[in-house]
1. Scan around A:T232 for amide H atoms under 5 Å from its own, H built in the peptide plane at 1.01 Å from N, and keep only partners 5 or more places away or cross-chain.
2. If amide hydrogens are placed 1.01 Å from N in the peptide plane, which non-local residues have theirs closer than 5 Å to the one on A:S619?
3. Given an 8 Å cut-off on Cα distances and at least 6 residues of separation, report the relative contact order of the stretch A:116-192 as a percent.
4. Classify the stretch A:568-636 as rounded, prolate or oblate, taking a ≥ b ≥ c as the square roots of the eigenvalues of its Cα gyration tensor: rounded when a/c is under 1.5, otherwise prolate if a/b is larger than b/c and oblate if not.
5. Per residue of the stretch A:126-133, what does 6.51 cos²θ - 1.76 cosθ + 1.60 with θ = phi - 60° give for ³J(HN,Hα)? Whole Hz please, x for Gly and Pro, Karplus curve as stated.
6. How much space per residue, in cubic angstrom, does the convex hull of the C-alpha atoms of the stretch A:116-192 take up?
7. Which of the GluC sites (Glu not before Pro) across the stretch A:427-467 are loop residues per DSSP, with 11 or fewer other Cβ within 10 Å?
8. If I model a spin label at A:S166 and A:H88 as a point 7 Å from the Cα along the Cα→Cβ vector, what separation in nanometres do I get?
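Throughout, read-outs are computed from the coordinates displayed, never taken from laboratory work. Since the structure is predicted, the reported quantities are computational estimates derived from the model, not experimental observations. No Cβ is skipped: glycine too gets one built from the backbone with ideal geometry, and neighbour counts run over all protein chains shown.
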Amino acid sequence: MTAPLSPAVDYLSGLNEQQRQVVSSADGPCLVLAGAGSGKTRVLVHRLCYLLDRGVPASSIVLLAFTNRAAREMVSRVERMMGSCPRHLWAGTFHHIGNIILRRYGRHLDIPQNFTILDEEDSVRLLKDVVDGFGSPEEFPHARKIREILSFSVNTVTPLRDVIASSMPRYASCAHLLEAVATEYQKRKKRLNALDYDDLLLQWHRLMTREDIGRRISEGFRYVMVDEYHDTNRLQSLILYQLARVHRNILVVGDDAQSIFSFRGATINNILEFTRVHQDAKTFTLTMNYRSTPEILALANDIISRNRIQFPKKLVTLRTTGVKPVLVRCSDARSEALYVAQRLFQLISAEVPPSDIGVLFRSRYQAAELEIELTKLRIPYVVRGGLRFFEQAHIKDVIAFLRVAENLREEISWRRIFSLCDGIGKKSLERLMEVLAKSATLEEFAAAVQELKLPARGEETVRTVFAILASIRDNPDPAEAVDRVLNNFYRKYLEKHFRDDRERIEDVEGLKEIASGHDSIQGFLAEASLQESFRGERHAAGLPVVLSTIHQAKGLEWRIVFVIGLCANHFPHQSATADIRALEEERRIFYVAVTRAKEDLNLTYYMRDAFRTLPSRKSIFIEEISEGLVDEWFYS
DNA sequence: CTAACGAAACTTTTT
DNA sequence: GTTTCGTTAG
Ligand SMILES: Nc1ncnc2c1ncn2[C@@H]1O[C@H](COP(=O)(O)OP(=O)(O)OP(=O)(O)O)[C@@H](O)[C@H]1O
């Protein structure tokens with residue numbers, strides 16, 4: 001290999017000494033432990049460039065991030081720095097990488113190449129079906145709850161029984177029944193040729209522990225890098241261990257104070273045990289914050305210092321003095337929305353780029369009032385959090401057609417499709433499912449349905465469905481497929497059943513546009529279940545203001561940040577106030593929100609909840625702020 | 001057997 | 001706001 005003309009030293013500029021150390025010497029297992037805004041992500045990007053520059057093939061590097069958006073952002077930064085796009089770099093969430101690997105090597109585990117990925121709603125539906133089959137006599141948790149428990153058990157690598165005993169003692173009495181449900185659920189997934197989100201990790205791990213194939217995969221990955229390591233779970237740490245077992249070049253970066261995903265099994269034990277699990281691991285720390293003004297950091301430090309079960313940490317900055325964070329009291333949720341909307345309007349009128357502004361909240365519903373006001377003022381925005389674009393009912397309805405075209409056995413989508421059919425009710429649906437179970441091909445199924453003597457109207461709609469599916473199979477172009485479903489069937493359904501059919505049709509047309517970026521249905525379906533895109537994110541007019549849950553704002557930054565809804569009733573979340581560990585995690589969520597701001601931080605709360613007779617008051621996280629760290633305003 | 005209507009009971013955070 | 005349940009008419 002010839003020496004590159006541009007020396008690797010380029011990628012060491014724009015870094016401080018501690019950061020340079022990591023970029024140039026993070027071989028072997030390395031843990032970078034550093035606070036918010038200290039340049040962890042920047043270090044990963046520079047390290048990537050450094051490796052590529054020295055001739056490491058992109059295809060032998062895997063970058064695991066918490067969201068696909070974050071991974072894309074890092075890759076595009078690499079691209080900007082190197083001036084070219086690194087081809088075949090592995091970058092994405094654990095689930096995304098797991099999906100690719102299982103498509104490629106799944107046959108070693110008897111997983112067919114065309115498996116369907118069940119999203120959360122699909123899993124719950126399947127579980128509900130299983131539970132109904134059991135006929136629950138006593139008090140039994142809701143399918144949603146069961147999914148949560150099973151998922152937690154998989155992600156923490158803990159037997160179901162232990163999960164129930166430790167976090168769901170209420171259901172200890174029916175633990176045996178829950179285990180039976182779990183077993184049946186696994187069987188049903190197998191029969192449907194489907195994997196749920198947890199399986200993407202679980203089966204990937206199973207694959208990695210196979211001596212032959214696991215070693216071969218690991219051999220392919222010379223460098224493994226992980227961002228946001230504090231929000232990985234035990235199963236993920238086991239995958240990483242196997243993934244890096246040949247070359248042992250594993251670089252993880254994280255900050256225990258920003259761990260906010262314990263509800264899906266994330267644990268800072270992964271950080272704490274890293275040097276023990278990976279022999280001879282090096283530890284690096286970055287101590288300088290480059291993001292925020294001293295005033296913002298003073299508040300952040302004050303907030304996190306209230307946590308008892310937390311390693312003490314103080315952020316230090318070189319940035320010059322700015323303005324104190326502002327705390328604004330409003331009368332109710334609407335007036336808070338009015339205040340924020342007006343401020344945004346002023347800022348944007350004063351030529352502040354909307355993309356410099358972020359509005360953050362604990363829960364998705366807290367953005368509702370603000371959305372109304374922003375629409376009135378014609379301020380473009382996107383909301384990140386809550387229901388993803390691909391999880392909307394009308395999108396899933398259309399996707400269901402592509403899913404069964406791809407995987408005939410996938411009953412969840414069949415049920416979905418048939419319940420859209422005029423003239424098909426509960427009884428016909430069950431009969432159709434019985435026939436499906438006995439059919440090996442689409443033709444067989446269609447033929448058997450003819451014999452069924454469905455009600456006349458039902459018969460006709462079902463025939464339309466089969467015609468559409470046959471045409472999708474003959475011409476498996478994703479965009480064409482979406483178009484055919486919409487125009488030969490679904491448009492009529494929407495017009496008949498919904499007042500907001502126009503919007504929904506627009507969404508489906510948006511779906512078609514996304515589909516046109518794919519040449520295989522399988523690739524398109526993977527995007528639909530694994531990408532975290534939200535409504536309006538794609539075709540947003542101009543640069544929209546971002547409204548985001550704090551969870552979705554991880555790793556991001558804005559010059560101006562608003563954190564809204566800091567009321568006792570909403571933040572910390574109600575169910576998290578009793579348990580100290582849960583409460584401290586809520587405090588970390590607030591800490592993450594505050595540390596997103598570079599220069600200008602605005603905190604708002606209100607005194608009256610519209611739908612409650614109880615008065616509201618400020619969040620305890622606001623109450624406990626030390627004297628003199630914020631300026632208090634009132635808005636009415 | 002299906003469709004349509006209204007009441008009631010949920011609604012944290014994510015892949 | 002949305003899903004789920006029961007009731008009733010066709
Ligand atoms: N050496 C440096 N010189 C100048 N700016 C820097 C330096 N290191 C980091 N920054 C800037 O500081 C900001 C925070 O960096 P980065 O996002 O990498 O931090 P982080 O540690 O990943 O933060 P978080 O933990 O909040 O995700 C970015 O705007 C980045 O460009």
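1. Amide H neighbours of A:T232: A:T267.
2. So A:S619 has HN proximity to A:C567, A:A568.
3. The value is 33 percent.
4. Working: a/c = 1.91, a/b = 1.07, b/c = 1.79.
Oblate.
5. 5, 4, 4, 4, 4, 4, 4, x
6. On the way: hull volume 6.5 nm³, N = 77.
Residue-normalised Cα hull volume stands at 85 Å³.
7. A:E451
8. Modelled inter-label distance: 4.2 nm.
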